[in-house]
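A short worksheet on the structure shown next.
The values are calculated or read from the model by the stated rules, or taken from the named source; none is laboratory data. Keep in mind that this is a model prediction, so the values were computed, not measured. FYI the Cβ positions are ideal-geometry reconstructions off the backbone, even for glycines, and counts take in every protein chain you see.
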Amino acid sequence: MPLSTDQRERYSRQTELQGWGAEGQERLLESSVFVAGVGGLGCAAATYLAVAGVGEVVVCDGDVVERSNLNRQFLYTRDDLTRHKAPIAAAQLRRLNPDITVTPVIAEINRSTAQGLIEGADLVLDCLDNPETRITLNRAAIAASIPMVYAAVAEYTGYLSFLNPPATPCLECFVDGTRPAVHPPVPGCTVGVLGSLEAMEALKFLTGTGETLAGRLLVVEGAVPSFDVIEIERDPDCPACRGL
Amino acid sequence: MIIYLRSGGKLKDRLKPDVDQYTRRIEVEGDKPLRDILNEVGVPDSLVAFAFINGKLERLEYRPVDGDVITLQPPVSGG
């Protein structure tokens, strides 16, 4: 559908990007992205997807807002304590961009629910906070042939990659999902950087501009500070994607 | 042979850097996997998620060669 006058102006600072244009914006407005988790990473990633004009942003989280979230999860305030995150995040995102559809889903992502939750999405964003659920999401994305952006953080450290097996490794090719979940200290700036980079991967993929991190892992060490891009390869014995 | 282990993150304290604030020089005797070398210098492999050498991810079974600079990254799972 051609852009309206309002949309042409609203999105002009990004449609001016080489290769993006009105066509890229129209593709974006027709896209659906599933954001798994609206904690620190999810607040940042979903915000930039929404204001960029991704047509449908699905925000999925089963948690409620806790006081200790407020240092980094900027879609929530003290007034939201004990309320479910997904509908609050959705309302905030709609305020930022009434032009798009934001769908809140209050659900835990597990082996029974994952496949159904991500159905119909063009892209999945892993904004989760534990290895076990990441592995579940990875397997669901592989089964549905939906690409996934991976990010994880702790302290000033963050990892990011674009996963689309068999063209790239899947998450289990290089991440050990059996490690116990921990809740490390995380300043808001770390999830802000990594969540924004997840949105950047999504926007590049959906508009066909730039190069994604397919086959590469970005390692952010904010304490040094350093940004390194590392080649990653498929594991031929990967329990999740071997045989693809 | 001599190898160099680096970490800028939370592994740094375990690594006890001595070359600069991120790097430790290690003298390795014989041919052995990185996992064994880490355990010998007091960095349990459970604390290492990734090791990369010359811009490429390597497993802890990798057998270092003289002069390798190996960057260690901790497991990270938060969101």
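Give me the pairs: first residue in the stretch A:196-208 and modelled with pLDDT under 95, second residue part of a loop (DSSP other than H, G, I, E, B), beta-carbon distance under 8 Å, and six or more apart or on different chains, which are they?
Pairs found: none.
How many residues, within the stretch A:131-165, are closer than 20 Å to A:MET200 by Cα, β-branched (Val, Ile, Thr) and more than 13 Å from every other protein chain (Cβ to nearest Cβ)?
Residues meeting the conditions: 1.
Results for (1) more than 14 Å from A:ALA36 (Cβ to Cβ); (2) assigned to a strand (DSSP E or B), shown as yes or no for each residue.
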position: A:ASP99; (1), (2): yes, no
position: A:VAL102; (1), (2): yes, yes
position: A:SER112; (1), (2): yes, no
position: A:GLY116; (1), (2): no, no
position: A:ALA121; (1), (2): no, no
position: A:LEU125; (1), (2): no, yes
position: A:ILE135; (1), (2): no, no
position: A:ILE142; (1), (2): yes, no
position: A:ILE146; (1), (2): no, no
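Spot the failing condition for A:CYS238; the list is (1) assigned to a loop (DSSP other than H, G, I, E, B); (2) crowded, with 17+ Cβ neighbours inside 10 Å; (3) in contact with an Asp or Glu (Cβ under 9 Å, 6 or more places away or on another chain); (4) within 11 Å of chain B (Cβ to nearest Cβ), and only one is missed.
The single condition A:CYS238 does not satisfy is (4).
Hey, A:THR133 hits all of (1) surrounded by fewer than 24 Cβ atoms within 10 Å (Cβ to Cβ); (2) farther than 23 Å from A:PRO185 by Cα; (3) out of contact with any helix residue (DSSP H, G or I) (no Cβ under 6 Å at 6 or more places or on another chain) but one; which does it fall short on?
(2)
For the stretch A:103-158: of the residues being of a type in the set (Ser, Thr, Tyr) and touching a residue at least 24 places away in the same chain (Cβ under 8 Å), which is farthest from B:LYS12 (Cα to Cα)?
Restricting to residues being of a type in the set (Ser, Thr, Tyr) and touching a residue at least 24 places away in the same chain (Cβ under 8 Å), the top hit is A:THR103.
Yes/no per residue for (1) more than 12 Å from chain A (Cβ to nearest Cβ); (2) surrounded by fewer than 20 Cβ atoms within 10 Å (Cβ to Cβ):
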| position | (1), (2) |
| --- | --- |
| B:TYR4 | yes, yes |
| B:GLY30 | yes, yes |
| B:LEU38 | yes, no |
| B:LEU47 | no, yes |
| B:ARG59 | no, yes |
| B:VAL65 | yes, yes |
| B:VAL76 | no, no |
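Can you tell which of A:GLU30, A:GLU23 is farther than 20 Å from A:ALA144 by Cβ and of a type outside the set (Lys, Arg)?
A:GLU23
Can you run down the residue pairs with Cβ atoms below 9 Å, 6 or more apart or on separate chains, where the first is in the stretch A:166-185 and at the interface with another protein chain (Cβ under 7 Å from one of its Cβ atoms) and of a type in the set (Val, Ile, Thr) and the partner is surrounded by fewer than 21 Cβ atoms within 10 Å (Cβ to Cβ) and part of a loop (DSSP other than H, G, I, E, B)?
A:VAL182/A:ASN130
Within the bounds of the stretch A:40-51, is there any residue that is at pLDDT 95 or above, over 20 Å from the mean Cα position of the chain (by Cα) and either basic (Lys, Arg) or in a helix (DSSP H, G or I) (or both)?
Checked against the condition, which is being at pLDDT 95 or above, over 20 Å from the mean Cα position of the chain (by Cα) and either basic (Lys, Arg) or in a helix (DSSP H, G or I) (or both), the stretch A:40-51 yields no hits at all.
Report yes if A:VAL57 is within 16 Å of A:ALA202 (Cβ to Cβ), within 14 Å of chain B (Cβ to nearest Cβ), touching a Leu at 6+ places or on another chain (Cβ under 7 Å) and assigned to a strand (DSSP E or B), otherwise no.
No; evaluated as a whole, the condition is false for this residue.
Inspect the stretch A:21-28 for any residue being within 24 Å of A:GLY116 (Cα to Cα), in contact with a Lys or Arg (Cβ under 8 Å, 6 or more places away or on another chain) and buried (at least 22 other Cβ atoms within 10 Å of the Cβ) and give the result as yes or no.
No, the conditions are met nowhere in the stretch A:21-28.
Which residues, taken from the stretch A:41-98, are among the acidic types (Asp, Glu) and in contact with a Ser or Thr (Cβ under 9 Å, 6 or more places away or on another chain)?
Selection gives A:GLU56, A:GLU66.
Say we look at the stretch A:201-227 and pick out the residues that are part of a strand (DSSP E or B) and farther than 30 Å from A:GLY21 by Cα; which of these is nearest to the other protein chains (Cβ to nearest Cβ)?
Going through the qualifying residues, I end up with A:GLU221.
Which count do you get for residues in the stretch B:29-55 that are charged (D, E, K, R) and within 22 Å of A:GLY177 (Cβ to Cβ)?
Number satisfying all stated conditions: 2.
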